[in-house]
Structures are given as C-alpha cells and as structure tokens.
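Presented below is the structure to which this report refers.
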Amino acid sequence: MTKKWHFAFILFFITTLLVGCNGETESDNSAEVNQKENVESEENELLYVNEAYGISIAQNADWTFESEVVSANLNVVLSHNKLEAIISTVSADRTFEEIKQELKSGAGDVEVISEEGHTLSYKSKLKNAVRTDVYFKEHNDSKNLIIIFMSPNSEYEQAKPNIKSLLNHIN
C-alpha cells in the first residue's frame, strides 16, 4: 500500500511541477481545448487527440488513456500495467536544460542514471525505487512536449518495449 502512495505522490508532484513551471497564460483557449476528441475510424484510429494543441497519439494496444488536465499547459496521463506516462506541453521558449534542472531539484533524493541529448533518467532512493525517464520532443512553434515515464525500477526492463512503442505513436 505504501508503494502505491509513493508512486501516486511522485506522479502528482511531477504533474504539478510541470503545470506550475510555465507562467504563461492562454487566453480564450478554453473553447478550443474543449474540442478534444477521442476519434475512432477504420482508417486512422487514435488513442488520443487534442486539436487545440496539435497532439495525437495513434492507437496502441499497450496503452490506455487515463486523464487530461488543461491549465496553462496540457497534461495527458496514459497507463500500461504499472507503467505511467505523462505527456505535457511546455512553452517553446523553455530549454530542456531548464526543465531538467527543475525536475531534478524538485524530485528530491534521486540517483541520476543517465542524462544525454533530449533524455533524462533517474530513480528514487526509496526501498521500492521508482524509475523516471523524461523525453523532450520539439513539437511546434509555440509548444514542446515533455514525455515522462514512471515505473517501478524492478520492472523497468519489461517496460522498455512499451516506452519505445508509445514514443513512436505520439505525433
């Protein structure tokens, strides 16, 4: 039970951090954001689409849509067994270096596993460690994507194919 609370706390903390990190305001986007559709067609099935942010995720049997939160940024949560993914938008003005520093300082006592290019991987130093992999993806002129995967560290090797699969399905 404690493991679930730690995992839920980390998920909530990272989502809150990403939402709060961007101080920009969006005017009149609420009407556009409400146009989110879960489109299913024979030709092009999508797991998730948000036209206002220009994001779509192709149907993927490994993943299920959990939730969408819109404030100054978009945050989409997907899951696969014990693996969670958060896809967040950030201002294109923000660099990945800035975001990495905020994530590392806000995550508390963690061990950085790797930090190269547009990726950052770290794990908590808890008894039941949670591994976090962060990917930065340039998206459009105004927004970039931060894709965060969290899984129990002990199950990371089994989760790797699902992570790669989802990364290949995000447009």
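Observations, loosely collected:
- Only listed residue being in contact with a Ser or Thr (Cβ under 7 Å, 6 or more places away or on another chain) and over 20 Å from Asn60 (Cα atoms), chosen from Val90, Val130, Val77, Val112: Val130
- The residues in the stretch 140-158 that are more than 22 Å from Leu74 (Cα to Cα) and surrounded by 21 or more Cβ atoms within 10 Å (Cβ to Cβ) can be counted, and the count is 0.
- Of the residues Leu167, Leu145, the single one that is assigned to a strand (DSSP E or B), hydrophobic (A, V, I, L, M, F, W, C), within 15 Å of the chain's Cα centre (by Cα) and at pLDDT 95 or above is Leu145.
- For the stretch 116-139, the set of residues classified as loosely packed, with under 13 Cβ neighbours inside 10 Å and over 17 Å from the mean Cα position of the chain (by Cα) consists of Glu116, Gly117, Lys125, Lys127, listed by residue number.
- Index of the failed condition, Leu145 passing every other in (1) more than 22 Å from Asp62 (Cα to Cα); (2) touching a His at 6+ places or on another chain (Cβ under 7 Å); (3) of a type in the set (A, V, I, L, M, F, W, C): (1)
- Ile99 closer than 19 Å to Leu167 by Cβ and crowded, with 19+ Cβ neighbours inside 10 Å: yes
- Any pair with Cβ under 7 angstrom, 6 or more apart, that starts in the stretch 101-124 at a residue that is among the hydroxyl-bearing types (Ser, Thr, Tyr) and ends at one that is at pLDDT below 95 and assigned to a loop (DSSP other than H, G, I, E, B): Tyr122/Ala107
- Residues of the stretch 112-155 classified as of a type outside the set (A, V, I, L, M, F, W, C), out of contact with any helix residue (DSSP H, G or I) (no Cβ under 8 Å at 6 or more places or on another chain) and over 30 Å from Ala52 (Cβ atoms), total: 8
- Hits in the stretch 45-58 - residues which are at negative phi, touching a His at 6+ places or on another chain (Cβ under 8 Å) and surrounded by fewer than 20 Cβ atoms within 10 Å (Cβ to Cβ): Ala58
- Every test in (1) touching a Lys or Arg at 6+ places or on another chain (Cβ under 7 Å); (2) in a loop (DSSP other than H, G, I, E, B) is passed by Leu120 save one, and that test is (2).
- Hits in the stretch 148-164 (condition: within 14 Å of the chain's Cα centre (by Cα) and of a type in the set (Ser, Thr, Tyr)): Ser151
The values are calculated or read from the model by the stated rules, or taken from the named source; none is laboratory data. On a predicted model such as this, the values are computed, not experimentally measured, just so you know. Note that we place each Cβ from the backbone using ideal geometry, even for glycine, and neighbour counts take in every protein chain shown.
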